[in-house]
1. Looking only at the range A:5-28, count every residue that is small (Gly, Ala, Ser) and open to solvent by 20 Å² or more (accessible area, probe 1.4 Å) and tell me the total.
2. Among the residues of the range A:119-134, is there at least one that is within 14 Å of chain B (Cβ to nearest Cβ) and within 30 Å of B:ALA182 (Cβ to Cβ)?
3. So, A:LEU77, is that one of a type outside the set (S, T, N, Q) and within 14 Å of chain B (Cβ to nearest Cβ) or not?
4. Among the residues of the range A:83-104, which ones are open to solvent by 40 Å² or more (accessible area, probe 1.4 Å), over 30 Å from A:ASN138 (Cβ atoms) and in a helix (DSSP H, G or I)?
5. Tell me, which residue of the range A:11-33 that is in contact with a helix residue (DSSP H, G or I) (Cβ under 6 Å, 6 or more places away or on another chain) and part of a helix (DSSP H, G or I) is farthest from the other protein chains (Cβ to nearest Cβ)?
6. Out of everything in the range B:76-116 that is of a type in the set (A, V, I, L, M) and part of a loop (DSSP other than H, G, I, E, B), what residue ends up being nearest to B:GLU53 (Cα to Cα)?
7. Take the range A:98-114 and flag every residue that is under 15 Å from the mean Cα position of the chain (by Cα) and either of a type outside the set (S, T, N, Q) or within 12 Å of chain B (Cβ to nearest Cβ) (or both).
Amino acid sequence: MSINIFVHTDFSVYPGLRHVSMSQSSGEEFYHKILNGKFYEAYSKGEMLVLNLDNTGGYPPSFIDESIGNLVYDFSLAKVKEHLTIISEQEPSWLDYLNSHTYPLWEQRRIEKSIPKKTISHEPWYQLNNSGNVTLNNGYSE
Amino acid sequence: MRLKLTRSYRLAVVARGKKLHTLKVSRRVKVHTPPRMYQENTTKPERIRKKQEAFKIVFPGNFSIEKGLEDAIFYTNKVRDFKARHFSHLFLDLSKIKNIDLVCIVMLLSSVNQVASRRIPVFGNQPLDPICNDIFNKSGFLSHMNKISGGKFTSSDEHNLIVKIGTDKANPDLIGKTNLKAVKLLTGKEFHFKKINSMVGEMAGNTMEFAYSINKHYLYCYNYCGGDEITFVFSDVGYGIINTLNKSVGHIIKDSVTFKDKLAVLSGAFEKKYGSKTEEVNRNQGLPFIKSLSSEGSVKDLIVITNDVYLDFNSSDKSKVLSNKYSGTVYAWKVNKIILDNYSSI
């Protein structure tokens, strides 16, 4: 069983930039409105989340980096690899980009506790805590 | 007007260093003096007379990156920095221009937008040279202006378009739809050229983060003059790329020891040699991504003008450090039919 996200229908045909403060349809918005909740659903049911990047107008790298990077920060790279499959047949280069750039850097951020920037306040979101339980995060305290 | 020391003021002076707070607050009293006499009573003072006049900027013959980039930056800066302290409005005299191109037109429009955002009226004329006049008319510049007689210039020419793709936030929908139109002009088919959408998105991202916080705006345009290629220009007004780089102490020392000029620094930024001022480890991905599209041939003839550097990605011979500094960033590139045909067949 799997849970699916199609970015072009579930979010936007024209994904935007990194943060809500600088762009419409940003990576930050996508993560907090869709990706975090769907990933938690898949994780808690022991299923796979299939994220389909095809059929949009194209992605700025910062959108991919911010949205999927935040998922790594909140759930760890191991859990993301265990429960997330990304389909990008039209632009396979995004898979290379994730493996070579986003995954290692955001895992490093997670280990170093380098808190991701949030440009607006968000509804509480799911996060794996140190004891391996998922809790609701009400916002990072610096 | 003269100031006269009143009793309470004198008290304050005497009591300096003591219990000042027990004294009355000092007051200034206007002492009326007779008005100054002007040499000729019929002549208004210079500043009042000037206030009713236009400040005229006469543009030089060469207003293109190939033949007059230094002048173009100098004059667009002059427009942008215009202050209406002593003049009622700004008049742009473009009549003498003999060489003009889209990049300089967009730079000028960026500056005009800056002036207009300060509620200063801007008027102007058009180049008298018929070829320049044609380029100017077709550029889409006038669609951002009002007619003196009232109303806006309308443009039904789909071959040329200048759009404001953002003020406070980038508008990816508008970027994507603008590119759809451009692709259709060249190929007759409507499809997403994703690479260009991604590239313009990153350009907008950089400038959203580092453009001036006041009067932010970003211009994006394409220009199709027939044939097999189309020109794109992206422009913002801000701090420019070089001023937004975060150079480590090691880089600063190394660059100064090797007398590295700004051209080398800018080239280094497109190769991710420096971090971003945000200091987050996963940042400054946009510039290398932009360069990669030029290197792989997804766009051609990519140039960037920022701060005092002109960087031509095709030719290091043409790249140079400029005498005049541009406050902001301008990118220009071309896409031809072969690139789009190859892309659509993948």
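1. Here is the first cut: in the range A:5-28, the residues small (Gly, Ala, Ser) are A:12, A:16, A:21, A:23, A:25-27.
This time we only want the ones that are open to solvent by 20 Å² or more (accessible area, probe 1.4 Å), so: A:21, A:25.
Number satisfying all stated conditions: 2.
2. Pass one, the range A:119-134, residues within 14 Å of chain B (Cβ to nearest Cβ): A:119-120.
Then drop every residue that is not within 30 Å of B:ALA182 (Cβ to Cβ), which leaves none.
Within the range A:119-134, none of the residues are within 14 Å of chain B (Cβ to nearest Cβ) and within 30 Å of B:ALA182 (Cβ to Cβ).
3. Values: of a type outside the set (S, T, N, Q): yes; within 14 Å of chain B (Cβ to nearest Cβ): yes.
Here the answer is yes, as A:LEU77 does meet what is asked.
4. Here is the first cut: in the range A:83-104, the residues open to solvent by 40 Å² or more (accessible area, probe 1.4 Å) are A:85, A:87, A:89-90, A:92-93, A:95-96, A:99-100, A:104.
When the remaining residues are screened for being over 30 Å from A:ASN138 (Cβ atoms), the result is A:87, A:89-90, A:92-93, A:95-96, A:99-100.
Correct list: A:SER93, A:LEU95, A:ASP96, A:ASN99, A:SER100.
5. Across the range A:11-33, the extreme among qualifying residues is A:TYR31.
6. B:ALA84
7. So the first thing to find is which residues in the range A:98-114 are under 15 Å from the mean Cα position of the chain (by Cα), and the list is A:98-99, A:101-107, A:109-110.
Result: A:LEU98, A:HIS101, A:THR102, A:TYR103, A:PRO104, A:LEU105, A:TRP106, A:GLU107, A:ARG109, A:ARG110.
Rundown of residues vs (1) assigned to a loop (DSSP other than H, G, I, E, B); (2) within 20 Å of A:THR9 (Cα to Cα); (3) among the hydroxyl-bearing types (Ser, Thr, Tyr), yes/no style:
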{"residue": "A:GLY57", "(1), (2), (3)": "yes, yes, no"}
{"residue": "A:LEU71", "(1), (2), (3)": "no, no, no"}
{"residue": "A:TRP106", "(1), (2), (3)": "no, no, no"}
{"residue": "A:HIS122", "(1), (2), (3)": "yes, no, no"}
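The values are calculated or read from the model by the stated rules, or taken from the named source; none is laboratory data. Everything numeric in this text was worked out from a predicted model, so none of it was measured. FYI the Cβ positions are ideal-geometry reconstructions off the backbone, even for glycines, and counts take in every protein chain you see. Each accessible area value is taken on the protein alone, full model and side chains, heavy atoms only, with ligands, DNA and RNA left out. Shrake-Rupley method; radii C 1.70, N 1.55, O 1.52, S 1.80 Å.
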